[in-house]
Protein chains: 2
Amino acid sequence: MRLSEGVEAAIHCAATLAGVDGGATMPGSALAEQFGVSPSYLLKHLNALTAARILESLPGPAGGYRLARPAERISLLDIVLAVEGPQPAFRCGEIRQGGPVKLPASAYAKPCGINAAMLRAERAYRAALAAEKLSDIVSEYLTDADPRSVAASCAFIAQRQRPQKPPSTKR
Amino acid sequence: MRLSEGVEAAIHCAATLAGVDGGATMPGSALAEQFGVSPSYLLKHLNALTAARILESLPGPAGGYRLARPAERISLLDIVLAVEGPQPAFRCGEIRQGGPVKLPASAYAKPCGINAAMLRAERAYRAALAAEKLSDIVSEYLTDADPRSVAASCAFIAQRQRPQKPPSTKR
DNA sequence: GGCATAATACTCGGATAAAGCCTGTCCGAGTTACGTCGG
DNA sequence: CCGACGTAACTCGGACAGGCTTTATCCGAGTATTATGCC
């Protein structure tokens with residue numbers, strides 16, 4: 001059982017974007033720089049989040065990414081499913097039918113009990129992930145993390161975010 | 001998120017071995033034949049189960065595999081961990097430290113909140129897997145599955161199991 | 001001086017190679033059962 | 001007839017290639033900004 005490396009980056013990016021002012025955006029290059037990962041590769045995952053309607057992307061010089069809805073309505077499950085895909089972790093290959101004894105298909109009408117048990121467990125996993133809201137992650141970070149780390153993150157966001165409405169961009 | 005293909009085979013094998021008489025064994029070739037998978041490859045996973053003290057292996061002409069303890073004390077979590085490894089699905093790469101701003105190590109003394117949240121969800125998953133006992137899987141199969149499938153499975157077990165007359169020598 | 005226009009620079013997006021893990025296969029070491037020989 | 005021995009066959013165990021998903025990278029399409037020329 002192994003999750004993609006990109007899930008971690010996607011969650012960190014979403015948490016960072018939750019800290020930008022409403023309406024402002026942050027380019028993918030800034031997010032990649034903050035975490036020291038490849039910009040081109042991070043775009044792949046950010047694109048997946050955009051396709052899942054979790055992020056919004058704006059092109060152009062003042063463009064970038066921002067959350068498509070408030071952080072209270074974004075759960076870790078949404079991000080994981082967007083990056084990893086909606087398929088369950090356990091995929092029943094129906095090996096019970098692969099034996100030498102060939103039974104009619106009607107004998108396998110009911111789903112495999114092992115598959116059902118694994119899906120029950122996975123449902124609990126997804127429920128736990130759905131309970132973890134992005135806003136809670138951010139709040140917990142702001143209160144529990146080291147003040148120096150929080151200050152550095154806020155400074156980075158304030159420096160690299162791009163406000164949308166004001167026409168004048170100084171730089 | 002994706003589990004190994006071998007997990008399904010391992011669980012099916014364990015469920016089959018739960019149906020053999022106490023003390024009797026079944027060779028890996030018979031298990032592979034029952035599910036139509038490669039015998040040599042199945043041995044890899046059966047070996048992992050043996051290393052995890054879930055199965056016992058007896059060499060020799062009348063040898064094979066059997067459960068190391070009653071099915072009531074074997075959970076799906078034990079099998080999954082044996083095949084997939086004990087590492088959690090989400091492995092924190094500490095990308096929060098990869099940015100250009102270098103803070104002293106003391107600023108990262110507390111664990112990453114995102115990692116903590118993911119591990120909380122995974123703990124729920126493992127708890128759900130631990131609640132699924134192998135004996136329950138077998139009981140559910142015997143009562144709910146199609147009678148033809150149950151009859152075929154029992155016939156296969158009775159035909160291919162190897163009773164162990166003398167007290168076995170543990171490996 | 002104001003407005004339309006064209007060049008510009010920055011952004012995202014998809015298509016393209018390389019690496020790592022999982023899958024699949026092979027052959028060798030070890031052990032037990034059986035047949036045979038000797039007592 | 002009984003016991004011990006040697007042979008043999010069957011088993012598991014670890015080491016060796018191939019396929020596929022994941023990771024990483026590059027270049028092209030699109031758009032708001034900006035400077036310029038015209039009115």
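Give the number of residues within the stretch B:96-114 that are under 32 Å from the mean Cα position of the chain (by Cα) and at the interface with chain A (Cβ under 8 Å from one of its Cβ atoms). Write out each step before concluding.
Kept after step one, since they are under 32 Å from the mean Cα position of the chain (by Cα), are these residues of the stretch B:96-114: B:111-114.
Cutting the leftovers down to at the interface with chain A (Cβ under 8 Å from one of its Cβ atoms) gives us B:113-114.
Going through the stretch B:96-114 one residue at a time, the tally reaches 2.
Screening the candidates B:TYR141, B:TYR65 for the property of being in contact with a Pro (Cβ under 9 Å, 6 or more places away or on another chain) and more than 30 Å from A:ALA145 (Cβ to Cβ) yields one hit, B:TYR65.
Looking only at the stretch B:76-84, decide whether some residue is closer than 28 Å to A:ALA117 by Cα, within 16 Å of DNA strand D (Cβ to nearest atom) and surrounded by fewer than 15 Cβ atoms within 10 Å (Cβ to Cβ). The answer is no, given that none of the residues of the stretch B:76-84 is closer than 28 Å to A:ALA117 by Cα, within 16 Å of DNA strand D (Cβ to nearest atom) and surrounded by fewer than 15 Cβ atoms within 10 Å (Cβ to Cβ).
Pairs are defined by a Cβ separation below 9 Å, a sequence spacing of at least 6 or placement on different chains, a first member in the stretch B:18-44 that is among the acidic types (Asp, Glu), and a second member that is assigned to a loop (DSSP other than H, G, I, E, B); the pairs so defined are B:ASP21/B:GLN161; B:ASP21/B:PRO163; B:GLU33/A:GLY99; B:GLU33/A:PRO100. Out of A:ARG91, A:ARG160, one residue alone is under 18 Å from B:LEU76 (Cβ atoms), more than 7 Å from chain B (Cβ to nearest Cβ) and within 16 Å of DNA strand C (Cβ to nearest atom). It is A:ARG91.
Is it the case, given these coordinates, that B:GLY93 is away from DNA strand D (no atom under 16 Å from the Cβ) and at pLDDT below 95?
Against the criterion (away from DNA strand D (no atom under 16 Å from the Cβ) and at pLDDT below 95), B:GLY93 does not qualify.
All conditions in (1) in contact with a Phe, Trp or Tyr (Cβ under 8 Å, 6 or more places away or on another chain); (2) away from chain A (no Cβ under 14 Å); (3) of a type outside the set (A, V, I, L, M, F, W, C) hold for B:PRO59, with the sole exception of (1).
Select from the stretch B:15-46 the residues that are within 23 Å of B:SER75 (Cα to Cα), touching a helix residue (DSSP H, G or I) at 6+ places or on another chain (Cβ under 8 Å) and of a type in the set (S, T, N, Q) and write down the one among them that is modelled with the highest pLDDT. In this case the residue turns out to be B:THR16. Scanning the stretch B:22-31 for residues that are more than 9 Å from DNA strand D (Cβ to nearest atom) and either within 14 Å of chain A (Cβ to nearest Cβ) or closer than 12 Å to B:ARG160 by Cβ (or both) turns up just one, B:ALA24. For the stretch A:39-56, the tally of residues that are more than 10 Å from DNA strand D (Cβ to nearest atom) and more than 15 Å from the chain's Cα centre (by Cα) stands at 0. Do the conditions hold for B:LEU49, that is, is it away from every other protein chain (no Cβ under 14 Å), within 16 Å of DNA strand C (Cβ to nearest atom) and more than 30 Å from A:TYR141 (Cα to Cα)? Yes. Residues in the stretch B:1-14 that are more than 13 Å from DNA strand D (Cβ to nearest atom) and either within 30 Å of A:ASP78 (Cα to Cα) or without any contact (Cβ under 8 Å) to a residue 40 or more places away in the chain (or both): B:VAL7, B:GLU8, B:ALA9, B:ILE11, B:HIS12. When A:ARG69 is tested against (1) more than 16 Å from DNA strand D (Cβ to nearest atom); (2) within 13 Å of chain B (Cβ to nearest Cβ); (3) out of contact with any Leu (no Cβ under 7 Å at 6 or more places or on another chain), exactly one condition is not met: (2).
Residues in the stretch A:3-57 that are charged (D, E, K, R), crowded, with 18+ Cβ neighbours inside 10 Å and more than 14 Å from B:GLY98 (Cβ to Cβ): there are none. Scanning the stretch B:145-171 for residues that are modelled with pLDDT of 55 or more and assigned to a loop (DSSP other than H, G, I, E, B) yields B:ALA145, B:ASP146, B:GLN161, B:PRO163, B:GLN164, B:LYS165.
The values are calculated or read from the model by the stated rules, or taken from the named source; none is laboratory data. Because the structure is predicted, anything quoted here is derived from the model rather than measured. With ideal geometry, Cβ positions are generated from the backbone for all residues, glycine too; neighbour counts draw on all protein chains shown.
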